[in-house]
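A.B. asks: I am attaching a structure below and will ask some questions about it afterwards.
The values are calculated or read from the model by the stated rules, or taken from the named source; none is laboratory data. Please read all numbers here as calculations on a predicted model, not as lab measurements. Note that we place each Cβ from the backbone using ideal geometry, even for glycine, and neighbour counts take in every protein chain shown.
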Amino acid sequence: MGKEPVRVLVTGAAGQIGYALVPMIARGVMLGPDQPVILHMLDIPPAAEALNGVKMELVDAAFPLLKGVVATTDVVEGCTGVNIAIMVGGFPRKEGMERKDVMSKNVSIYKSQASALEQHAAANCKVLVVANPANTNALILKEFAPSIPEKNITCLTRLDHNRALGQISERLNVQVSDVKNAIIWGNHSSTQYPDVNHATVKTPSGEKPVRELVADDAWLHGEFIATVQQRGAAIIKARKLSSALSAASSACDHIRDWVLGTPEGTWVSTGVYSDGSYNVPAGLIYSFPVTCRNGEWKIVQGLSIDELSRKKLDLTAEELTEEKALAYSCLS
Amino acid sequence: MWGSMKMEKEPMKVLVTGVAGMLAQPDSLFGQIGYAIAPMIARGIMLGPNQPMILHLLDIAPATEALNGVKMELPDAAFPLLKEVHATTDITETCKDVNIAIMLGGFPRKEGMERKDMMSKNVPIYKEQASALEEHAASDCKVLVVANPANTNALILKEFAPSIPEKNITCLTRLDHNRALSQIAERIKVYVTDVKNVIIWGNHSSTQYPEANHATVTSINGERPVKELDTDDLWLKNEFINTVQQRGTAIIKARKASSVLSAASAPCDHMLDWVLGTPKGIWLSMGAYFDGSYGIPKDIIYSFPVKCEKGKWSIVKGLKIDEFSRAKMDAIAKDLIDEKEVAHSCLN
């Protein structure tokens, strides 16, 4: 007896990230090897033929867990009955575009998608916003879908979290699976704060603090932070295209840990609706360290925040507060 | 505390060639398949969920920057099973001790290209890679050739790597096999997991022969032959065959680009089944160096139905071949012998 399939929506599915993401979902990377899925792929009308091509390929791959594919440009059809929504679609920043222009285009998109999800998604739908500006897009979505529980609306900072783990593992020459509990605070932007004050490494003699093993605070406060913050740009420089592989993979990690739970003693970074923890203003979508259990996340409380970190936490909060104001001004 | 640490398996070394793209075009076909397949391998889809791996990525010098881009993204994804990544343009270095080799790199046929031209570009590539694998790969290295002309590239590789067991050199027809399964599933309106045992005979090209005479569907009344459920023999002998043969072209028409997602997924299926074994009663299609079964000449790489157990494949024997099938299978064999002769002529 197989499980009932879960409906997973991917918006912007005809794009690069969507193309990397859908086979991962169909293989069980997002929800586990025993969970059948029905994929809903949504994109804009100019992408209809390409979207159909992706559907054809999903069929051609004969994925055992994939029980159906809906490929559509109709937002209602896309949202109907979905249990999980990965919002990859958005208006990317083009050369010469002002921040206000990008914001205003995305605010309209997320406002309309919020209504569609609110009206047609399954109850308790879990939402992950990937498209930038991720935090503020997620906030707009929350504001215009008031009947979706606010704790169900998140944005992706798991990519930055994974990048931080990767940088530490390269620096210390250890397996990335032996590094844990980095934190990405704040905005998925260049003001994010990658913090390893509480991160540890598994060694033959037990778990040791990253800070102790690296023994180079200057690097941790300087180059490490800059590398993680700017990694997206570095990938674009090398590939001539933005990160799709790692973004898609991190989206799977985010959902999987949320739905199936985080391992004991491990936390992950997620953009969530702030409740004022750590003196971060409430009412923003802000990235915090969380643990997950029984399909719910909880902010890890009580971590000590030193002076340097405090400044950085506040700086990224300020940026998010400005973005929120800018977004609202676009709505008037 | 060793007692509290799970004993992990030794990592397997997996080589992927042509990862970043031949001809240094960021949108080149093989670059894209490499980019799609790397995270699939890293997630355990090719080798199983408990098998750690070390990835060896190879491409030619003009693709160095793109290759480096893939190399950067892999650690960014923090894959638990991926223990190391080596990205290089040095073929000797990259073949060292590899247990699995996925050959995506090659020279695809371009519009207006003659068969001889395409062969003359691919033969030297596969000759060189054969030598490198022979000298440096692990002794039981399993090889899967994906780059077209897949069957003949695999044959050249076999001929110039005589100490790699001939049974270890295969080419991909699993994509076509998967496409055939899903065409039947759509036709009969069942899940693709309920269809099994189609066969792709012959060449991974538009002359391949997708055959459903022995295929079955799992239904509430048990397993029934596809032929019984789809009593329209005409569809199976015509549209079904054409659709599977031409599917690559249909994808290009829709996507304005070749199949990448499905072309990356199929090698994972091929290798996983080879390494971990096929479930009872299920067979798959694989191009390999066979033993003259079914009246097909030896000395070519031909796609047959196989079962896999304990890391070895064996041909499914004793299947009835009707007249219609016989004609098609023989025509493909002839075509592959022609290709072989053209390939050999390029060596002189």
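A.B. asks: Quick one: which residue in A:236, A:225, A:255 is assigned by the TED database to the domain that holds residue A:301, touching a Phe, Trp or Tyr at 6+ places or on another chain (Cβ under 8 Å) and of a type in the set (Val, Ile, Thr)? Lay out the reasoning, then the answer.
C.D. replies: Working: A:236 fails: touching a Phe, Trp or Tyr at 6+ places or on another chain (Cβ under 8 Å); A:255 fails: touching a Phe, Trp or Tyr at 6+ places or on another chain (Cβ under 8 Å).
Within the list A:236, A:225, A:255, the selection yields A:225.
A.B. asks: State all residues of the range A:64-78 that are out of contact with any Asp or Glu (no Cβ under 7 Å at 6 or more places or on another chain) and assigned to a strand (DSSP E or B); if no residue qualifies, say none. Can you show your working first?
C.D. replies: Taking the range A:64-78 and keeping what is out of contact with any Asp or Glu (no Cβ under 7 Å at 6 or more places or on another chain), we get A:64-69, A:71-72, A:74-78.
Selection gives A:66, A:67, A:68, A:69, A:71, A:72.
A.B. asks: Could you check, for the range A:180-187, whether at least one of its residues is farther than 19 Å from residue A:79 by Cβ, assigned to a strand (DSSP E or B), modelled with pLDDT of 95 or more and over 15 Å from the mean Cα position of the chain (by Cα)? Please lay out each step first, then the result.
C.D. replies: Looking only at the range A:180-187, we keep the residues that are farther than 19 Å from residue A:79 by Cβ, and these are A:180-187.
Subsequent filtering for residues that are assigned to a strand (DSSP E or B) retains A:180, A:183-186.
With modelled with pLDDT of 95 or more added as a condition, the list becomes A:180, A:183-186.
Pick out the ones that are also over 15 Å from the mean Cα position of the chain (by Cα) and you get A:180.
Scanning the range A:180-187, I find at least one residue that is farther than 19 Å from residue A:79 by Cβ, assigned to a strand (DSSP E or B), modelled with pLDDT of 95 or more and over 15 Å from the mean Cα position of the chain (by Cα), so the answer is yes.
A.B. asks: Being modelled with pLDDT under 95 and within 12 Å of chain B (Cβ to nearest Cβ): is that true of residue A:204 here? Reasoning before the result, please.
C.D. replies: Numbers: modelled with pLDDT under 95: yes; within 12 Å of chain B (Cβ to nearest Cβ): yes.
Taking the combined requirement at face value, the residue satisfies it.
A.B. asks: Could you check the range A:288-327 and list, in sequence order, the residues that are part of a helix (DSSP H, G or I), of a type in the set (Ser, Thr, Tyr) and surrounded by fewer than 18 Cβ atoms within 10 Å (Cβ to Cβ)? Quick ask: steps written out before the conclusion?
C.D. replies: So the first thing to find is which residues in the range A:288-327 are part of a helix (DSSP H, G or I), and the list is A:307-327.
From the residues that got through so far, the ones that are of a type in the set (Ser, Thr, Tyr) too are A:309, A:316, A:321.
Scanning the range A:288-327 gives a single hit, A:321.
A.B. asks: If we keep just the residues of the range A:39-58 that are in a helix (DSSP H, G or I) and among the charged types (D, E, K, R), which is farthest from the other protein chains (Cβ to nearest Cβ)? Let's see the steps before the verdict.
C.D. replies: Of the range A:39-58, the ones in a helix (DSSP H, G or I) are A:45-58.
Okay, now just the ones that are also among the charged types (D, E, K, R), so A:49, A:55, A:57.
Details: A:49: 5, A:55: 9, A:57: 4 Å.
Among residues in the range A:39-58 that are in a helix (DSSP H, G or I) and among the charged types (D, E, K, R), the one farthest from the other protein chains (Cβ to nearest Cβ) is A:55.
A.B. asks: Do any residues in the range A:59-82 that are within 14 Å of chain B (Cβ to nearest Cβ) have Cβ atoms under 9 Å from those of residues that are acidic (Asp, Glu) and outside any loop (DSSP other than H, G, I, E, B), where the two are at least six apart or on different chains, and which pairs are they?
C.D. replies: Listed pairs, sorted by first residue: A:59/B:186; A:61/B:269; A:62/B:269.
A.B. asks: Check whether at least one residue in the range A:96-117 is free of Cβ contacts under 8 Å to residues at least 40 places away in the same chain, within 14 Å of chain B (Cβ to nearest Cβ) and of a type in the set (D, E, K, R), and report yes or no.
C.D. replies: no
A.B. asks: In this structure, is residue A:169 at pLDDT below 95 and on the phi < 0 side of the Ramachandran plot?
C.D. replies: On the way: at pLDDT below 95: no; on the phi < 0 side of the Ramachandran plot: yes.
Criteria not met by residue A:169.
A.B. asks: If you don't mind, another one. Would you tally the residues in the range A:92-136 being assigned to a helix (DSSP H, G or I) and under 26 Å from residue A:38 (Cα atoms)? So that I can check it myself, show each step before the final result.
C.D. replies: Our first condition is that a residue be assigned to a helix (DSSP H, G or I); within the range A:92-136, this holds for A:99-120, A:134-136.
If we keep only those that are under 26 Å from residue A:38 (Cα atoms) too, we end up with A:109-120, A:134.
Here the count works out to 13.
A.B. asks: Please count how many residues of the range A:302-318 are more than 13 Å from residue A:286 (Cα to Cα) and polar (S, T, N, Q).
C.D. replies: Going through the range A:302-318 one residue at a time, the tally reaches 2.
A.B. asks: Oh, and also: So in the range B:188-227, with the set limited to residues that are surrounded by fewer than 18 Cβ atoms within 10 Å (Cβ to Cβ) and of a type in the set (Asp, Glu), which one is farthest from the other protein chains (Cβ to nearest Cβ)?
C.D. replies: It comes out as B:223.
A.B. asks: If residue B:253 satisfies all but one of (1) of a type in the set (D, E, K, R); (2) away from chain A (no Cβ under 14 Å); (3) not in a strand (DSSP E or B), what's the number of the condition it fails?
C.D. replies: If we test residue B:253 against (1) of a type in the set (D, E, K, R); (2) away from chain A (no Cβ under 14 Å); (3) not in a strand (DSSP E or B), just (2) comes out false.
A.B. asks: Which of the residues that make up the range B:133-152 are modelled with pLDDT under 95, crowded, with 24+ Cβ neighbours inside 10 Å and under 17 Å from residue B:163 (Cα atoms)?
C.D. replies: none
A.B. asks: Of the numbered conditions (1) within 21 Å of the chain's Cα centre (by Cα); (2) part of a helix (DSSP H, G or I); (3) surrounded by 19 or more Cβ atoms within 10 Å (Cβ to Cβ); (4) not aromatic (Phe, Trp, Tyr), residue A:243 satisfies every one except a single condition; which is it?
C.D. replies: Condition not satisfied by residue A:243: (2).
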